[in-house]
Amino acid sequence: MEHFETRAVRTQAGRSGHREHSVPLYLTSSFVFDSAEQGRALFADEVEGNIYSRFSNPNTSEFIDKMAALERCEDGFAFATGMASIFTGFGALLKSGDHVLASRSLFGSSHQLLTKVLPKWGITHTYVDAAAPERWEEALRPETRMVFIETPSNPGLELIDLAWLGALTKKRGLILAVDNCFATPYLQTPAEHGADLVMHSATKFIDGQGRVLGGVIVGRKELINEIRFFARHTGPAMSPFNAWVLSKSLETLAVRMDRHCSNALALAQALEKEPGIDSVKYPFLPSHPQYALAKRQMRQGGGVVTFTVSGGYERAKRFIDAVTMLSSTANLGDARSTVTHPASTTHSKLTDEERARVAITPGLIRVSAGLEHIDDILADIRQALRRSS
Ligand SMILES: *Cc1c(COP(=O)(O)O)cnc(C)c1O
């Protein structure tokens, strides 16, 4: 199946004896053995099959197969949340003494994981500024084992050249893990540029309707085998129900992303002309410092726009309270447009200095453009800008 849209719709679990057209929900904790011998062979990995839904389930397998097909990866594992997938990626593949090189601008909990949790097990890290390629090679150490990045980053919308970094990590024998949550496989496929693992919070654009939590890692088979072993015995698996929801969500990912992206671009262009705004950031705006890279690397600019209101935190608070249709929530990638103040919510655990280094200013607003009509999104933002000025 050549095209993305077709893979998203037609990669699906086989039919049961009922010949259903749409894949049913397999709410079962375990699976029965036809014989004692079959039970033994399944546990000995001599035959393939479901044993227990912490290990695998037809619904989670279908979701993993779809994600692997869309990301052009060999294999994968699905998790209860995006953070469970990122934690498992680190936990399964790193050991005490290992070092991780990470892009500085990361999702808030990923930042906490690297700075507060992994050091407990002797795993260290160095942050590198996304837009300073010369620093990456300098920051490598003999004990560096993994490079972990987000592109575009949350909420900084900084980009990293995947082809360049993929070549560097290959040359140095490092694992390149990419959190592809903001772009989704519809906009970019990091594995085709040399990423070994691609991680997702399926909670965002993959679900697309703010209903379920989920995470997934897809990537090279031998790494996924280690991840599967670790996950099987530590228990972060996705629930079959969430996998069933998310497999249906993927069927509409391409059409939804087209609308998220066209709404986000139109919003970014309109905001550049609005008074009372210091700056607007969006990968497909020519004013983005990495516009050329964005055009080369991404199919479209994504669903998230950020802007800084003049007047700092007080104005930002008034703006958030003045929106009437957009939802004030920490989530993104929803059919409903959402508005977030990162400095006081998603990235409030960072120190002032850490926030400044990733350009999270007190006046920064993050909008995740939803699927409403662009004129209604714009009207709400414009009236909120006026009322909060
Ligand atoms: C939300 C998010 C996560 C975490 O995902 P959860 O499903 O909330 O655990 C990780 N990375 C990025 C970029 C995110 O936006």
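Of note:
- Our Cα-only numbers for the chain put the radius of gyration and Dmax at 21.3, 73 Å.
- Other residues within the sphere of radius under 14 Å centred on the Cβ of Glu2, judged by their own Cβ, net out at +2 (K and R +1, D and E -1).
- Gain on full extension, evaluated as 0.36 nm per residue between Ala335 and Arg40 minus their Cα-Cα distance, stands at 101.6 nm.
- Length-normalised contact order for segment 267-389 - Cα pairs under 8 Å, 6+ apart - percent: 29 percent
- The helix-based estimate of mean residue ellipticity at 222 nm for the chain, built from -39,500 (n - 2.57) per DSSP H run of four or more residues and divided by its residue count, is -11500 deg cm²/dmol to the nearest 500.
- Potential extension, Leu378-Thr115 segment - 0.36 nm per residue separation minus Cα distance: 90.9 nm
- Atom-type composition of the exposed protein surface of segment 287-389 places 52 percent of the accessible area on carbon and sulfur (1.4 angstrom probe).
- For segment 4-250, lysine pairs with C-alpha atoms less than 19 angstrom apart, excluding pairs fewer than eight positions apart on the same chain, total 7.
- Toward the positive end of the charge dipole of the chain, with +1 on the Cβ of Lys and Arg and -1 on the Cβ of Asp and Glu, the farthest Cα among Val147, Gly39, Asn50 is that of Val147.
- Phi-based couplings in Hz for segment 113-127 (Karplus 6.51, -1.76, 1.60; Gly and Pro marked x): 4, 5, 8, 10, 9, 4, x, 4, 9, x, 9, 9, 8, 10, 8
- Dipole check for segment 4-250: with +1 at the C-beta of Lys and Arg, -1 at the C-beta of Asp and Glu, and the Cα centre as origin, the magnitude is about 360 Debye.
- Our estimate of slack between Thr124 and Phe230, defined as 0.36 nm per intervening residue step minus the Cα-Cα distance, is 36.1 nm.
- Inter-part distance where segment 227-260 and segment 1-31 are each reduced to a Cα centre, Å: 13 Å
- With every protein chain in place, segment 4-250: carbon and sulfur % of accessible area (1.4 Å): 54 percent
- Dipole magnitude (debye, nearest 20) for segment 254-388, charges at Cβ of Lys, Arg, Asp, Glu: 220 debye
- Residue (of Leu159, Phe4, Asn225) at the positive-pole extreme of the chain, dipole from beta-carbon charges: Leu159
- Surface accessible to a 1.4 Å probe, His21 within the full protein complex, Å²: 130 Å²
- For segment 267-307, the Kirkwood estimate of hydrodynamic radius, built from reciprocal distances between every pair of different alpha carbons, is 10.5 Å.
- Across Gly363, Gly303, Gly208, mean-square fluctuation computed from a Gaussian network of the chain (C-alpha pairs under 10 Å connected) peaks at Gly363.
- Farthest towards the positive end of the charge dipole of segment 57-173, among the residues Ala130, Ser85, Val100, is the Cα of Val100, using unit charges on the Cβ of Lys, Arg, Asp and Glu.
- Computed FRET value (nearest 0.05) for Arg54 with Glu354, which takes r as the C-beta separation and R₀ as 30 Å: 0.25
- Using a cutoff of 8 angstrom between alpha carbon atoms and counting only pairs six or more residues apart, the relative contact order for the chain works out to 17 percent.
- Cα centroid separation - segment 147-177 against segment 306-369, whole Å: 25 Å
- A Cβ-based charge dipole, computed about the Cα centre of segment 157-292 with Lys and Arg at +1 and Asp and Glu at -1, lands at about 420 debye.
- Summed over the residues of segment 231-389 and divided among them, the accessible surface reaches 42 Å² per residue at a probe radius of 1.4 Å.
- Nearest-10 value in Å² for the accessible area of Met67, using the 1.4 Å probe: 0 Å²
- Prolate/oblate/rounded call for segment 305-389, Cα gyration tensor, a/c under 1.5 rounded: oblate
The values are calculated or read from the model by the stated rules, or taken from the named source; none is laboratory data. A quick note: this is a predicted structure, and the numbers were derived from the prediction, not measured. Every residue, glycine among them, receives a Cβ derived from its backbone with ideal geometry; neighbour counts consider all protein chains shown. All accessible areas refer to the heavy atoms of the entire protein, side chains included, with ligands and DNA or RNA removed. Shrake-Rupley method; radii C 1.70, N 1.55, O 1.52, S 1.80 Å.
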